[in-house]
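Notes follow the structure.
The values are calculated or read from the model by the stated rules, or taken from the named source; none is laboratory data. Small disclaimer: the values here were computed from a predicted structure and weren't measured. Here the Cβ positions follow ideal geometry from the backbone for every residue, glycine too, while neighbour counts run over all protein chains shown.
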Amino acid sequence: MTGEEKKRRRLRLGVLISGRGSNLQALIDACAQPEFPAEIVLVISNRPEAAGLARAETAGIATLVVDHRDFREREDFENALNAALKDAGVDLVCLAGFMRILNPDFVNRWRDRLINIHPSLLPAYRGLKTHERVIADGVRFTGATVHFVRPEMDDGPIILQAAVPVHPDDTPDSLAARVLEYEHRIYVEAVRWIAEGRVRVSGGKVRISGVSTPEYGLISPKTQEADPTR
Ligand code: GRF
């Protein structure tokens, strides 16, 4: 590969889904822009009926169903996932509503090359039914988080977060819809930063260089760099 080819090479994404695939769609739309530094080379669903599969097919992206029910051991299911991702030459695995817990073996194989989007401000509200719990607790802000995956559920170095206000009359559905808009935005932004080589994990935390997007609750590395006391 020449230097020029290396520069032009886009980061190869593998996206794992289980359902609707709206975050997948946000990534598909971003990757359709010629200047976006990543491309989706494979979408894998563990459920044959996942609506996200049709989104990928419409965009001309290779899809694969690896149905967890076809495997007796979780390890075998994950070996199949791993083999498909390797065969496709995937650089970065994006979990996008993927509803299976992954064993430490799989997570460690893809360490710092495996990211997830979660609908809360982690480390608050790990797990499922985040919006129901947020409303029940009466908190004023929730949000969304993109993070590197570690073996513990919804754990790992945080790449990007958006804070989203909770309205007094919110239902779980209305809140989910508001948060989802931000999920789409920060997932795309996090992938862009990783593809541009700006993201590094050090001491369990993510450091980002040379990015200035101090909007809608996103971290602002430029501001951090400008402040010598931090
Ligand atoms: C999103 O809220 C995501 O944060 C969570 O699962 C949901 C998936 O939605 N992990 P979609 O399939 O991307 O539409």
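Some points to look at:
- One residue from G127, G138 being in the same structural domain as D154 (by TED's automatic domain parsing), over 23 Å from R185 (Cα atoms) and out of contact with any Ser or Thr (no Cβ under 6 Å at 6 or more places or on another chain): G138
- Residue within the stretch 16-27 that is within 13 Å of the ligand (Cβ to nearest atom) and on the phi > 0 side of the Ramachandran plot present: yes
- Residue check: R200 meets all listed conditions (1) touching a residue at least 24 places away in the same chain (Cβ under 8 Å); (2) farther than 29 Å from V139 by Cα but one, namely (1).
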